[in-house]
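Engineer: Structure in structure tokens, see below.
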Amino acid sequence: MRLVPFVTDLGDLTGRVVQDLRAWPVRGSRLVDEMECVLSVLLAIAFAHALEARHVGWAAFSGYMVMRSHIWRSFKRGSLRVIGTAAGAAAAWYLAAHVLDSLWQTGVALLLVTFVTLYFTMVSPRGYAWLFTGLTFGMVLIDGMQHPDEAVQVFAWARFVEVTAGTAACLIVSALSTLTVRRYLLGEHGVSMAYEWWVDRLLPWNQVAFVHACQGAIAMALIPLAWLWSGLDSLNQSSVTIMVVMAIPLASVADNRTRTKLIHRFVGCMMGALFATVVLLIGRQSPTFILFATAVAVVIGRHIENGKHGIDYVGTQFVLAFLVVSVPDTYEALHLSVGFERLAGVLLGILLLEPVRMLLPVRRVCAVDPGGRKGEESSE
């Protein structure tokens, strides 16, 4: 029964993607934004290789996601991303010694930390930092669970380096563009730098956010069991999927935006993975070709993300999947298998989350109150 609306939504979504790609900018701020993202991603890849990062694609995606239309906006978003990453990595590092000896204790730790961080992601104006606290905690703890022979601090430090490298690359490009191209060619000037940005004023207790956070926490707690069942290596991608899909404003919960976000993530990932597969099959022996294709993919994804057809999340996930599949951690060994292992982790996250949402629906547990302001943008 649920297949029919899914197919209908999929057809509508495909039509909107085609419509958006027809309107390609040849000038103006939208084209500048796309070029900023390309330069940021390429510089992030260079930084990540120079720092010998474990997962270059994660640094590249940070360079993509932090970019905004002014250096001050990019700085705010990048600061929240780095602060949240540091907090999540430190928490995982500390708790790992107490919980990793037991899968059920690991599951409980994932449940509790995911619930707290996801709840505050929804009710705090600084939800982006809370999102990355929970997201990084899950990634580091799951890496530690799957690789008991390696010290957890290695994974914690790797995540921090990857995010910091991508954020630094973005801020450099954003600063140069703000001071040159955007100021003199587009006539854009400064933005308000209000002190209020640093004040974290929480919303009152919200039952909708509570149930929504419970959904994500339960799905996250199932990951250790999924590891026993599947043996999948890239389960940290499953944890990322659960966190980012559930990170939506309170007002969107009443409109069933989580289901829409799942569909958009699925479609965007499939499109990005397909494009990455073609790229690797054609130019897998050529790092130059891979980098050129990366620039093209970033432009396509950003164009969709900046469109007016309500499918921006498809563009975000298109870029994420492409970077995950095609950007290698080392150019000496370009293998499709590594990228598809990570993509399988994304799909497993969706499979874990959807049954939990069906069994614990928000609308049946409490009266939905969509009120409340949306804080700092927290979608990823």
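Engineer: Would you mind stating whether Ala169 is farther than 22 Å from Phe47 by Cα, hydrophobic (A, V, I, L, M, F, W, C) and either part of a helix (DSSP H, G or I) or at pLDDT below 95 (or both)?
Structural biologist: Here the answer is no, as Ala169 does not meet what is asked.
Engineer: Going through region 146-164 one residue at a time, which ones are buried (at least 22 other Cβ atoms within 10 Å of the Cβ) and hydrophobic (A, V, I, L, M, F, W, C)?
Structural biologist: Correct list: Val152, Phe155, Ala156, Val163.
Engineer: Give Arg302, Arg265, Arg284 a once-over and let me know the one that is of a type in the set (Lys, Arg) and over 23 Å from Glu341 (Cβ atoms).
Structural biologist: Arg302
Engineer: Take Val191 and decide whether it is modelled with pLDDT under 90 and either within 24 Å of Val41 (Cα to Cα) or of a type in the set (Lys, Arg) (or both).
Structural biologist: Considered against the rule, which asks whether it is modelled with pLDDT under 90 and either within 24 Å of Val41 (Cα to Cα) or of a type in the set (Lys, Arg) (or both), Val191 comes out as no.
Engineer: Please determine whether any residue of region 127-134 is touching a residue at least 12 places away in the same chain (Cβ under 8 Å), open to solvent by 10 Å² or more (accessible area, probe 1.4 Å) and over 14 Å from the mean Cα position of the chain (by Cα).
Structural biologist: no
Engineer: Going by the structure shown, is Val152 under 14 Å from Ala92 (Cα atoms), over 13 Å from the mean Cα position of the chain (by Cα) and not acidic (Asp, Glu)?
Structural biologist: So Val152 fits the description; yes.
Engineer: For region 173-188, check the following and say yes or no: at least one residue is over 17 Å from Leu235 (Cβ atoms), of a type in the set (Phe, Trp, Tyr) and either surrounded by 21 or more Cβ atoms within 10 Å (Cβ to Cβ) or at pLDDT 95 or above (or both).
Structural biologist: Within region 173-188 (the criterion being over 17 Å from Leu235 (Cβ atoms), of a type in the set (Phe, Trp, Tyr) and either surrounded by 21 or more Cβ atoms within 10 Å (Cβ to Cβ) or at pLDDT 95 or above (or both)), the answer is no, since none of the residues qualifies.
Engineer: Is it true that some residue in region 6-13 is more than 20 Å from the chain's Cα centre (by Cα), at pLDDT below 60 and hydroxyl-bearing (Ser, Thr, Tyr)?
Structural biologist: yes
Engineer: Among the helices (runs of 4 or more DSSP H) confined wholly to region 278-360, which include 1 or more residues that are modelled with pLDDT under 85, closer than 18 Å to His49 by Cβ and under 17 Å from the mean Cα position of the chain (by Cα)?
Structural biologist: Result: 312-326, 336-359.
Engineer: Return the residue satisfying two criteria in turn: it lies in region 65-104 and is among the β-branched types (Val, Ile, Thr) and open to solvent by less than 10 Å² (accessible area, probe 1.4 Å), and of such residues it is nearest to the chain's Cα centre (by Cα).
Structural biologist: Of everything passing the filter in region 65-104, Val66 is nearest to the chain's Cα centre (by Cα).
Engineer: Which of the numbered conditions does Phe115 fail, given that it passes all the others? Conditions: (1) under 23 Å from Val66 (Cα atoms); (2) modelled with pLDDT of 95 or more.
Structural biologist: Going through the list (1) under 23 Å from Val66 (Cα atoms); (2) modelled with pLDDT of 95 or more, Phe115 breaks only (1).
Engineer: Take region 111-151 and flag every residue that is among the acidic types (Asp, Glu) and either assigned to a helix (DSSP H, G or I) or touching a Gly at 6+ places or on another chain (Cβ under 7 Å) (or both).
Structural biologist: Once the filter is applied, which keeps residues that are among the acidic types (Asp, Glu) and either assigned to a helix (DSSP H, G or I) or touching a Gly at 6+ places or on another chain (Cβ under 7 Å) (or both), region 111-151 yields only Asp143.
Engineer: Another question, then. Answer yes or no: is there a residue in region 40-51 that is within 20 Å of Thr133 (Cβ to Cβ), small (Gly, Ala, Ser), at pLDDT 90 or above and part of a helix (DSSP H, G or I).
Structural biologist: No, region 40-51 has no match at all.
Engineer: Name the pairs: first residue in region 68-89 and farther than 15 Å from Ala168 by Cα, second residue open to solvent by 10 Å² or more (accessible area, probe 1.4 Å) and aliphatic (A, V, I, L, M), Cβ to Cβ under 6 Å, at least 6 apart or on different chains?
Structural biologist: Close Cβ pairs satisfying both conditions: Gly84/Ala129.
Engineer: Here is a follow-up. Could you check region 254-274 and list, in sequence order, the residues that are of a type in the set (D, E, K, R) and either part of a helix (DSSP H, G or I) or touching a Phe, Trp or Tyr at 6+ places or on another chain (Cβ under 6 Å) (or both)?
Structural biologist: Residues satisfying the conditions are Arg257, Arg259, Lys261, Arg265.
The values are calculated or read from the model by the stated rules, or taken from the named source; none is laboratory data. Computed from a prediction, not measured in an experiment: that's the story for all the values here. Virtual Cβ from ideal backbone geometry, glycine too; neighbours counted across all protein chains shown. In case anyone asks, the SASA skips ligands and DNA or RNA and just uses the protein heavy atoms, side chains included. Shrake-Rupley method; radii C 1.70, N 1.55, O 1.52, S 1.80 Å.
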